[in-house]
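A.B. asks: Dropping the structure in here first, questions after.
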Amino acid sequence: MKNRKRLINLVIGPVLLVLSLIFLPQGVFSETASKAAVGTVAWMAYWWITAPVDFAVTAFLPIAVNAFIKMADMSAVISNYSSETIMLLLGASILTVSWEKTGLDKRIAAKCLSLIGSNLRLQIAFWFFLSFILSSVLPNAVVCATITPIAYSMLKYVGEGDIANSHKGSMILITIAYAAGVGGLATPLGGAMNLITVDYIQQLTGEEYMYTSWVIRFLPIILVLVASNVIFLVLKVKKTDRIGISKEYFKQQYKELPKVSKEEALSFVLFVVATVASFTRQFYQNALPGLKPAYVFIICAIISFLITYKDGKRLMVWKSVQTKIVWELIYIFAGGLAAGTLINNSGAGEEIGKAVANTGLSGGFGTVLVIVILTIVLSDVTSNTATAAVSIPIVISIINGIGKNPIPYIYIASIGVNLSYMLPTSIRAIPVGYGLRPKFMMKHGAVLTLIVIVLMSVLGYFLLKYWPAFSTV
């Protein structure tokens, strides 16, 4: 029966592609390429959720399907598998291998547990606010890529390292990804998607946009998002749920750890240097324009192979290191980026936007609801940056067409551009790479998506109607 179910799921995937090619309306999708792009994403989503093959295998579907039905230039598709973000994830993964070899992972885990305690609700709140605060001023991919392995080390230490079969571990890792998305909306520095939005606002007004204006106008939105996300996540676990034993126990465990070795200290320093350099890029980007966060992590990863023990034996040897790198994480992330390339380069994203524009929107609550839904759904199947590039100009065209001020609608669109919860694309691929099941993400993400759509649509319309400053820059 199990094999039969797997076979059925295997077949349904490509069938979704065929059905998309046949039945997607010609009036919306004018080209075979755009239909195929939607079908490929549907195929990937289904296989990621039902898992008839390994998640990383599904991530290569954009290349395979594009070879038969050209939706985008193949070089553009393949480049996603060696992008800057992929290099960042590879570098971070290599550095965390040194943690395991030196025992640094246990030391970090014991320290985190001795500070926070083992109550799961407190743990969720801690990781949420840490990721949220950092991602409000830093790229959310960097935040998620650096915070997730730290949390994973802690989970392994307390016996929750099998994330696929650990509800507690899954909740903590999914919290980090969700919080990084919410934090990205708090300031324009949260990611490239916000800078794209700022650029469009400046084009509309002909004036420089002040970042403080963004923070002020999005503050009520952020407060509601943080409250709703945290409440949703903590209610998914019981009050009595714990990871490990008591806080005092972990304090004692930390005290009993051996003295920090030279190799352990160097492993820690390399990761800190890479993280701090990534988080402070604005201070040296003019002097070293090529030293982006991805390359800082790769450089530090290379240096980690130079560390030796007192007897001259090397700490890191590629033959053993390559077996511990989280390759699945890297390929899942790349597959999500490639799916976004298919949607955008095939014209599917633009055609969906145009179809929405032709629905007779009048600028009221219905318009706000459609904009929120459209941007959140697009963010789930492509990157946040790509969603901003596609959706913001469409929103401007729609609102200009009905003779209203586009500024508040651009703000509303930015909400959905930053938020996505269901599919293992963009930063949500990172916890999946550490074992989180996409089915788990879809199950919880679908509910949270509905909650957020309702809350943000109502709040967005309220701000549009009753807060004059929300319609200004």
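A.B. asks: Hey, among the residues in segment 316-341 that are crowded, with 20+ Cβ neighbours inside 10 Å and under 24 Å from Phe268 (Cα atoms), which one's farthest from the chain's Cα centre (by Cα)?
C.D. replies: Out of the qualifying residues, it is Met316.
A.B. asks: Could you tell me whether segment 220-241 includes any residue that is surrounded by fewer than 11 Cβ atoms within 10 Å (Cβ to Cβ) and over 30 Å from His167 (Cβ atoms)?
C.D. replies: No; the residues of segment 220-241 include none that is surrounded by fewer than 11 Cβ atoms within 10 Å (Cβ to Cβ) and over 30 Å from His167 (Cβ atoms).
A.B. asks: Residue under question is Leu185, and the condition is that it be surrounded by 15 or more Cβ atoms within 10 Å (Cβ to Cβ), touching a helix residue (DSSP H, G or I) at 6+ places or on another chain (Cβ under 8 Å) and modelled with pLDDT of 95 or more; does it hold?
C.D. replies: Criteria not met by Leu185.
A.B. asks: Taking the options Asn405, Asn418, Asn344, name whichever one is farther than 30 Å from Leu266 by Cβ and open to solvent by less than 10 Å² (accessible area, probe 1.4 Å).
C.D. replies: Asn418
A.B. asks: Here's something else I'd like to know. Could you tell me which of the residues Ser278, Ser246, Ser304, Ser228 is modelled with pLDDT under 90, over 20 Å from Met154 (Cβ atoms) and of a type in the set (S, T, N, Q)?
C.D. replies: One residue alone meets the criteria, Ser278.
A.B. asks: Quick check, is Ile303 touching a residue at least 40 places away in the same chain (Cβ under 8 Å), of a type in the set (A, V, I, L, M, F, W, C), open to solvent by 30 Å² or more (accessible area, probe 1.4 Å) and part of a helix (DSSP H, G or I)?
C.D. replies: no
A.B. asks: Further, regarding this structure: Identify, please: which residue in segment 274-300 is assigned to a loop (DSSP other than H, G, I, E, B) and hydrophobic (A, V, I, L, M, F, W, C) and is, among those, surrounded by the most Cβ atoms within 10 Å (Cβ to Cβ)?
C.D. replies: Leu291
A.B. asks: Among the residues of segment 162-182, write down those that are of a type outside the set (Asp, Glu) and open to solvent by 20 Å² or more (accessible area, probe 1.4 Å).
C.D. replies: Answer for segment 162-182, where residues must be of a type outside the set (Asp, Glu) and open to solvent by 20 Å² or more (accessible area, probe 1.4 Å): Ala164, Asn165, His167, Lys168.
A.B. asks: Continuing with the same structure: Only one of these conditions is not met by Tyr254: (1) open to solvent by 70 Å² or more (accessible area, probe 1.4 Å); (2) closer than 24 Å to Ile86 by Cα; (3) among the hydroxyl-bearing types (Ser, Thr, Tyr); (4) not in a loop (DSSP other than H, G, I, E, B). Which number is it?
C.D. replies: The failed condition is (2).
A.B. asks: List, please: which pairs have Cβ atoms under 7 Å, are six or more places apart or on different chains, and start with a residue in segment 46-71 that is farther than 17 Å from Phe440 by Cα and end with one that is assigned to a helix (DSSP H, G or I) and of a type in the set (S, T, N, Q)?
C.D. replies: Taking only residues 6 or more apart or on different chains, the pairs are Leu61/Thr40; Pro62/Thr40; Val65/Thr40; Ile69/Thr32; Met71/Asn345.
A.B. asks: Given the structure, is Ser135 within 21 Å of the chain's Cα centre (by Cα) and either surrounded by 24 or more Cβ atoms within 10 Å (Cβ to Cβ) or of a type in the set (Gly, Ala, Ser) (or both)? Break it down into steps so the answer makes sense when it comes.
C.D. replies: On the way: within 21 Å of the chain's Cα centre (by Cα): yes; either surrounded by 24 or more Cβ atoms within 10 Å (Cβ to Cβ) or of a type in the set (Gly, Ala, Ser) (or both): yes.
So Ser135 passes the test.
A.B. asks: So, restricting to helices (runs of 4 or more DSSP H) that lie completely within segment 1-95, which ones have at least 1 residues that are farther than 23 Å from Asn345 by Cβ? Steps first, answer last, please.
C.D. replies: On the way: elements: 2-23, 32-50, 55-58, 61-68, 74-78.
Of the helices (runs of 4 or more DSSP H) lying wholly inside segment 1-95, those with at least 1 residues that are farther than 23 Å from Asn345 by Cβ span 2-23, 32-50, 55-58.
The values are calculated or read from the model by the stated rules, or taken from the named source; none is laboratory data. Predicted model only: the values in this text are computed from it and were never measured. So basically every Cβ, Gly included, is an ideal-geometry build from the backbone, and we count neighbours across all protein chains shown. Please note that ligands, DNA and RNA were not included when accessible areas were found on the heavy atoms of the full protein model with its side chains. Shrake-Rupley method; radii C 1.70, N 1.55, O 1.52, S 1.80 Å.
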